[in-house]
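Step one of this worksheet: look at the structure below.
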Amino acid sequence: MTVESTAARKPRRSAGTKSAASKSAASKRAGAAGKSPGAKPGEPELVQLLTPEGERVPDATYDKYVADITPEELRGLYRDMVLSRRFDAEATSLQRQGELGLWASMLGQEAAQIGSGRATRDDDYVFPTYREHGVAWCRGVDPTNLLGMFRGVNNGGWDPNGNNFHLYTIVIGSQTLHATGYAMGVAKDGADSAVIAYFGDGASSQGDVLEAFNFGAVYNAPVVFFCQNNQWAISEPTERQMRVPLYQRAQGFGFPGVRVDGNDVLASLAVTRWALERARSGEGPTLVEAFTYRMGAHTTSDDPTKYRADEEREAWEAKDPILRLRTYLEAQNHADEAFFAELETESETLGKRVRDAVRAMPDPDNLAIFENVYADGHALVDEERAQFAAYQASFVDEGGK
């Protein structure tokens with residue numbers, strides 16, 4: 001699989017059986033982000049520095065946060081997105097081959113994750129959900145370590161304090177409270193570092209997230225709430241979750257919110273740098289809504305063709321974050337064919353390393369689910385363990401396989 005094929009990888013087409021009303025709603029979501037009530041005619045509806053066509057557009061507020069970016073750093077952002085997409089594609093394939101129990105793809109969200117991840121400093125602390133594979137890449141976590149949990153052989157596989165990157169959190173939204181508490185501790189210690197918490201549009205409706213907003217505001221915690229609004233909470237579209245643009249929720253808690261083009265890596269980098277700077281200087285929390293799109297399934301157990309229209313997906317494919325940066329690099333003569341060829345080779349090497357690493361992992365212990373249910377054991381659990389062990393043994397053939 002080449003870099004080009006991974007960069008342009010598309011999810012399976014649906015049968016196209018959506019109703020007219022469904023297609024109309026899809027078109028609305030796939031278009032502009034939706035004007036905020038205070039926006040003046042002609043003003044951008046979200047922060048954007050790089051258009052889907054790869055054209056650089058000025059922004060009076062955020063340009064200064066990427067003014068010093070070099071061609072080498074731009075190539076680095078492109079490399080980050082391509083390699084994290086390749087890793088994600090390999091993990092999806094490995095799950096389909098039975099090597100992983102489940103996988104949550106980040107396809108389409110590379111710019112939001114790489115841009116925000118590269119905005120952090122080494123001493124900042126990151127609290128992810130379970131889809132932040134690109135952020136993990138930026139924090140120096142070996143991508144193969146991400147796969148152990150999805151294979152069922154460990155709880156993460158990395159030391160959170162080694163990279164200031166917390167273990168993946170499966171409970172929806174709970175990490176925002178952890179991040180806020182950690183940020184409050186950072187402030188009490190007098191450190192000038194910041195904390196960033198990742199979550200999705202679906203999680204924004206969870207009570208834990210709203211409590212985190214309130215605590216963060218009241219205690220002026222140095223935390224950035226980074227929401228990747230990928231338009232769908234599994235099968236629920238955003239219009240069934242909220243009446244106003246998501247970033248405006250911050251107003252009710254007394255801190256600023258901003259919507260950024262989540263498919264624009266430059267804008268994601270600039271806005272996150274701004275928000276982290278606010279946090280470090282004692283100005284409190286910020287809500288960043290990265291307006292993006294989940295190109296694939298919620299997880300590999302989900303079939304998005306059951307609830308999403310073709311037109312919506314196709315509109316977002318035209319906004320692919322990797323292709324738009326490549327267009328810009330080529331137009332500005334910041335990258336040549338040798339660079340792209342070398343990256344393709346690196347991509348192939350990464351893919352092989354990921355496949356080899358997963359296949360070298362042990363099989364999960366199917367009986368481990370019965371451990372630690374009760375502190376002192378329980379007769380019913382013991383009985384269930386024995387029954388399940390007998391069931392598993394029934395699959396062993398006469399040859400012992």
Requested in this report: Mind telling me which of I172, I234, I369 comes out most flexible in a GNM of the chain, alpha-carbon contacts under 10 Å?
Outcome: I369
Report summary line: Charge dipole of the chain built from unit charges on the beta carbon (Lys, Arg +1; Asp, Glu -1), centred at mean Cα; most positive-end Cα among Y168, M81, A270 is A270
Report task. Could I have the simple spin-label model distance between Q241 and I69, label points 7 Å from Cα toward Cβ, reported in nm to one decimal? Result -> 2.6
Query raised in the report: Amide H neighbours of F165 under 5 Å, counting only residues 5+ apart in sequence or on other chains, H built in-plane at 1.01 Å?
Result: V126
Query raised in the report: Which value, in debye to the nearest 20, describes the size of the charge dipole of the range 81-122 about its Cα centre when Lys and Arg Cβ atoms bear +1, Asp and Glu Cβ atoms bear -1, and nothing else is charged?
Result: 120
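Subtracting the Cα-Cα distance from 0.36 nm times the residue separation, let me have the gained length for V218 to N145 in nm, one decimal. Could you put the intermediate results ahead of the total?
Values: separation 73, 0.36 × 73 = 26.28 nm, distance 3.65 nm.
Full-extension gain reported as 22.6 nm.
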Query - Net charge over other residues, Cβ less than 14 angstrom from the Cβ of G152 (K, R count +1; D, E count -1) - result: -3
Report summary line: With the dipole of the chain defined by +1 on each Lys or Arg Cβ and -1 on each Asp or Glu Cβ, the option from G252, A112, N154 whose Cα lies farthest towards the positive pole is G252
Query raised in the report: When the chain is modelled as a GNM with alpha-carbon springs shorter than 10 Å, which of L350, L83, L325 fluctuates the most?
Result: L350
Query - Unit charges on C-beta of K, R, D, E only; dipole of the chain, Debye - result: 1140
Report task. Name the residues whose placed amide hydrogens come within less than 5 Å of the amide hydrogen of W232, ignoring near sequence neighbours (fewer than 5 apart) on the same chain. Result -> R294
Query - the chain: most fluctuating residue of N154, N229, N333 per GNM, C-alpha cutoff 10 Å - result: N333
Report summary line: Helix-only [θ] at 222 nm, the chain, -39500 (n - 2.57) per DSSP H run of 4+, per residue, nearest 500, equals -13000 deg cm²/dmol
Query raised in the report: In whole Å, how far is the Cα centre of the range 160-227 from that of the range 269-343?
Result: 22
Query raised in the report: How far, in degrees from 0 to 90, does helix 379-393 lean away from the longest principal axis of the Cα atoms of the chain, to the nearest 10?
Result: 90
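Every number in this text was worked out from the coordinates using simple rules, so none of it is lab data. What you see is a predicted model; the values in this text were computed from it and never measured. Neighbour counts run over all protein chains shown; Cβ positions are idealised from the backbone, glycine included.
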